[in-house]
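What follows is one structure encoded as C-alpha cells, with my remarks underneath.
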Amino acid sequence: MPERRTVALVTLGCARNEVDSEELAGRLEADGWDLVEDAADADVAVVNTCGFVDAAKKDSVDALLEANDLKGHGRTQAVVAVGCMAERYGKELAEALPEADGVLGFDDYSNISDRLQTILSGGVHAAHTPRDRRKLLPISPAERQESAAGVALPGHAPADLPEGLAPASGPRAPLRRRLDGAPVASVKLASGCDRRCTFCAIPSFRGSFISRRPSDVLNETRWLAEQGVKEIMLVSENNTSYGKDLGDIRLLESLLPELAEVDGIERVRVSYLQPAEMRPGLIDVLTSTPKVAPYFDLSFQHSAPDVLRAMRRFGDTDRFLELLDTIRGKAPQAGVRSNFIVGFPGETEADLAELERFLNGARLDAIGVFGYSDEEGTEAATYDNKLDEDVVAERLARVSRLAEELVSQRAEERVGETVHVLVESLGSEASAEGAYGRGAHQAPETDGQVLLTSGEGLSIGRMVEAKVVGTEGVDLVAEPLQGTLACSEETGR
C-alpha cells in the first residue's frame with residue numbers, strides 16, 4: 001500500500017480565513033490526505049495567507065519562508081500559498097517569491113487535492129492572473145444567487161453532502177474538517193462586500209456580497225454542535241447586509257433565534273457589523289434573544305464627519321454615541337468593540353480631537369487602532385493630501401495610549417457584574433491557576449478574557465456563571481458562583 005500523503009494548513013489573518021482552511025481540510029481529507037498539525041511533519045505545507053494590510057502581508061511572506069526552510073531538513077517537500085494574498089497577487093506573488101512551490105487562487109479550491117498532488121509530484125501549476133472578483137456576479141444583489149454556482153466562494157460549501165464525501169459524514173455534514181478542538185467555531189454567513197470604502201481593497205479580491213442560504217448556516221451549526229462546539233461566531237465582511245440578495249434584508253433577525261435553539265449551542269455571536277446599517281429590529285434581537293450574545297463589533301473607523309466622508313462612510317460622533325446609548329438602553333452589559341484608522345489623508349487636528357471625543361464617550365470594551373498607509377488599488381492611495389509618516393506615527397501612538405487607558409477603565413466598570421464565561425483553558429496545578437474563558441462581551445482572539453479564580457469542577461466547553469471581582473488591564477478576574485453553572489435555558493448574558 002502506498003504511503004499516505006500528509007498536509008498541514010497554516011492559517012493567518014481573520015476568522016474568515018480559519019473557516020476557509022477548515023473547508024480546504026475537509027476537501028483534502030475526503031480525497032485521502034492525512035492532516036497533521038506541524039508543517040515539519042507534512043509532505044506539503046499550505047499557508048493560508050492574509051492580504052489585507054502591509055503588516056499582514058509581511059506575516060504571510062514570513063510564514064511561507066519559514067515553511068520553505070523546512071524543506072531538506074524533514075518530511076516537507078513543498079510549500080503552497082493560498083488565501084487572500086495568493087488570490088490578490090497570483091502570478092506576481094509567484095514570481096516575487098520563488099520559495100513558494102505553488103500559488104493557488106480561490107478558483108483552485110475545488111480542485112485543491114489535484115493541485116497539491118501535481119506540485120508534490122514535481123509538476124508546475126501556473127499561477128493565475130488576478131482579476132476584479134466584483135465583476136464575477138451581477139451588479140443587482142437579487143440576481144446573484146442564480147449566478148453563484150459558477151463562482152468560487154470559499155467557506156460556502158454545501159452542508160448536505162452525500163454520505164462518504166465529507167469527514168464524519170452524515171445527513172448534516174458540511175465539507176469541513178475541524179483543525180482544533182476549541183469549544184468555539186466560526187461560521188461563514190456571507191462573502192464579499194458591496195461597500196466602497198476608499199481605504200479597503202478587500203472587495204476587489206473577495207468579490208461582491210453574497211449570502212449563504214439559512215439552511216446551510218443552520219446545518220453547519222448543527223454539525224459543529226455535534227463536534228462539541230458550544231459557541232459559534234457568525235463571520236463575513238459585512239453581516240448587517242445578510243439576506244439582501246435573498247430578498248430579505250431582515251433575514252439575520254429571523255435566523256439568529258433558530259441558531260440559538262440548536263441543541264448543544266450555548267452562545268451565538270455576530271461579528272462585523274456596519275453602524276450605518278444597524279436596524280432597530282436587529283438591535284432588539286441581539287439584545288433580547290436567549291443565547292445570542294449582546295455583542296456589537298461595530299466598524300466605526302473614525303467619527304469626524306469630514307474624514308468619514310473621505311473614507312466614503314457615514315455617521316458622526318453624536319450619531320454613533322446615540323447608537324451606543326440605544327444598545328445599552330436595551331442591554332446595559334452589552335459588549336462593544338471597534339477599529340479606527342488615524343492619519344487618514346486630510347485628517348486635521350480638529351478631526352483627531354473629534355475622534356478622541358467619541359472614544360472618551362463611547363465606553364468601548366475593545367479598541368483596535370491603526371495608522372493609515374496606502375493600500376494599492378484603493379481610491380485613498382490616489383489622494384494628494386497625505387500626512388507625513390512621522391505625523392501618522394505620532395497620532396497612532398497618541399490614540400493607542402488613550403485606547404489602552406479607556407478599555408482598562410471600561411473593564412473596571414464591570415467589577416461587580418455577573419458574567420457567563422465559556423471555559424476555554426484550565427490552569428495547571430503547578431501554577432495554582434483557575435481557568436480562562438470569555439464572557440458574552442468578549443470575542444475570541446480580538447478581545448480580552450476572563451480569569452476564573454477557581455477551576456474546581458470545570459472543564460473546557462463549560463459555561464459558568466461568575467462574579468467579576470477585579471481586572472488586569474482589559475481582562476477580568478471573576479469568582480465562579482457555586483451551583484450556578486449556566487444551563488441551556490440561560491441567556492449567555
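The values are calculated or read from the model by the stated rules, or taken from the named source; none is laboratory data. Here the structure is a predicted model, which is why all the values come from computation and not from measurement. Note that each Cβ is placed from the backbone with ideal geometry, even for glycine, and that neighbours are counted across all protein chains shown. The accessibility values were calculated without ligands, DNA or RNA, using every heavy atom of the protein model including side chains. Shrake-Rupley method; radii C 1.70, N 1.55, O 1.52, S 1.80 Å.
The single condition among (1) out of contact with any strand residue (DSSP E or B) (no Cβ under 7 Å at 6 or more places or on another chain); (2) open to solvent by less than 60 Å² (accessible area, probe 1.4 Å); (3) among the polar types (S, T, N, Q) that T76 does not satisfy is (1). Scan the range 12-64 for residues that are closer than 22 Å to M233 by Cα and of a type in the set (V, I, T) and jot them down. Result: V19, T49. For the condition of a type outside the set (D, E, K, R), in contact (Cβ under 8 Å) with a residue 24 or more places away in the chain and not in a loop (DSSP other than H, G, I, E, B), A63 qualifies.
Could you name every one of the strands (runs of 3 or more DSSP E) located completely within the range 175-293 that has at least 2 residues being open to solvent by 20 Å² or more (accessible area, probe 1.4 Å) and hydrophobic (A, V, I, L, M, F, W, C)? Steps first, answer last, please.
On the way: elements: 184-188, 231-235, 267-270.
In the range 175-293, there are no strands (runs of 3 or more DSSP E) which contain 2 or more residues that are open to solvent by 20 Å² or more (accessible area, probe 1.4 Å) and hydrophobic (A, V, I, L, M, F, W, C).
Quickly run through the range 419-431 and pick out the residues that are open to solvent by 50 Å² or more (accessible area, probe 1.4 Å), of a type outside the set (A, V, I, L, M, F, W, C) and either at pLDDT 95 or above or in contact with a strand residue (DSSP E or B) (Cβ under 8 Å, 6 or more places away or on another chain) (or both).
Hit for the range 419-431 is E424, nothing else.
Condition first: touching a residue at least 24 places away in the same chain (Cβ under 8 Å) and more than 20 Å from L65 (Cβ to Cβ). Now tell me which residues in the range 100-125 satisfy that. Passing the criteria: G105, F106, D107, D108, Y109, S110, I112, S113, R115, Q117.
Take the conditions more than 14 Å from H302 (Cα to Cα) and surrounded by 20 or more Cβ atoms within 10 Å (Cβ to Cβ) and apply them to G416. Does it pass?
On the way: more than 14 Å from H302 (Cα to Cα): yes; surrounded by 20 or more Cβ atoms within 10 Å (Cβ to Cβ): no.
Here the answer is no, as G416 does not meet what is asked.
Of the residues making up the range 308-346, those that are within 19 Å of V407 (Cβ to Cβ), part of a loop (DSSP other than H, G, I, E, B) and free of Cβ contacts under 8 Å to residues at least 60 places away in the same chain number 1. Which residues, taken from the range 116-135, are part of a helix (DSSP H, G or I) and either surrounded by 20 or more Cβ atoms within 10 Å (Cβ to Cβ) or of a type in the set (D, E) (or both)? Residues satisfying the conditions are L116, I119, R133.
If I filter the range 388-395 for residues that are at pLDDT 95 or above, under 25 Å from E18 (Cα atoms), open to solvent by less than 40 Å² (accessible area, probe 1.4 Å) and of a type in the set (K, R), do I get at least one hit? Steps first, answer last, please.
Going residue by residue through the range 388-395, those that are at pLDDT 95 or above are 388-395.
Right, trim to under 25 Å from E18 (Cα atoms) and you get none.
No, the range 388-395 contains no residue that is at pLDDT 95 or above, under 25 Å from E18 (Cα atoms), open to solvent by less than 40 Å² (accessible area, probe 1.4 Å) and of a type in the set (K, R).
Among the residues of the range 21-34, the one identified as aliphatic (A, V, I, L, M) and more than 15 Å from V80 (Cα to Cα) is A30.
Filter the range 151-168 down to residues that are open to solvent by 40 Å² or more (accessible area, probe 1.4 Å) and touching a Leu at 6+ places or on another chain (Cβ under 9 Å) and give me whichever is modelled with the highest pLDDT. Give the derivation first.
We begin by selecting, within the range 151-168, every residue open to solvent by 40 Å² or more (accessible area, probe 1.4 Å); these are 158, 160, 162-165, 168.
Among the residues that remain, those that are also touching a Leu at 6+ places or on another chain (Cβ under 9 Å) are: 158, 165.
On the way: P158: 67, L165: 52.
Within the range 151-168, the match that is modelled with the highest pLDDT is P158.
Quick one: in the range 309-331, which of the residues that are over 25 Å from the mean Cα position of the chain (by Cα) and surrounded by fewer than 16 Cβ atoms within 10 Å (Cβ to Cβ) is nearest to A201 (Cα to Cα)? Among those that are over 25 Å from the mean Cα position of the chain (by Cα) and surrounded by fewer than 16 Cβ atoms within 10 Å (Cβ to Cβ), it is R309.
Scanning the range 1-22 for residues that are assigned to a helix (DSSP H, G or I) and open to solvent by less than 10 Å² (accessible area, probe 1.4 Å) returns N17, V19, D20, S21. For the range 32-41, the candidate set comprises residues that are assigned to a helix (DSSP H, G or I) and of a type outside the set (D, E, K, R); within that set, the residue that is surrounded by the most Cβ atoms within 10 Å (Cβ to Cβ) is A39.
Kindly indicate whether any position in the range 42-52 is open to solvent by 30 Å² or more (accessible area, probe 1.4 Å) and modelled with pLDDT under 90. So that I can check it myself, show each step before the final result.
Of the range 42-52, the ones open to solvent by 30 Å² or more (accessible area, probe 1.4 Å) are 52.
With modelled with pLDDT under 90 added as a condition, the list becomes 52.
Within the range 42-52, one or more residues are open to solvent by 30 Å² or more (accessible area, probe 1.4 Å) and modelled with pLDDT under 90.
For the range 254-279, taking the residues that are farther than 29 Å from G228 by Cα and in contact (Cβ under 8 Å) with a residue 40 or more places away in the chain, the one that is farthest from the chain's Cα centre (by Cα) is identified as M278.
Scanning the range 432-442 for residues that are at pLDDT below 95 and among the aliphatic types (A, V, I, L, M) yields A432, A435.
Taking the criterion of being closer than 16 Å to E253 by Cβ, touching a residue at least 24 places away in the same chain (Cβ under 8 Å) and among the hydroxyl-bearing types (S, T, Y), would at least one residue in the range 298-307 satisfy it? Give the steps one after another, and end with the answer.
Looking only at the range 298-307, we keep the residues that are closer than 16 Å to E253 by Cβ, and these are none.
No; the residues of the range 298-307 include none that is closer than 16 Å to E253 by Cβ, touching a residue at least 24 places away in the same chain (Cβ under 8 Å) and among the hydroxyl-bearing types (S, T, Y).
Condition check for E29 on (1) assigned to a helix (DSSP H, G or I); (2) within 24 Å of S204 (Cα to Cα); (3) open to solvent by 10 Å² or more (accessible area, probe 1.4 Å): one failure, at (2).
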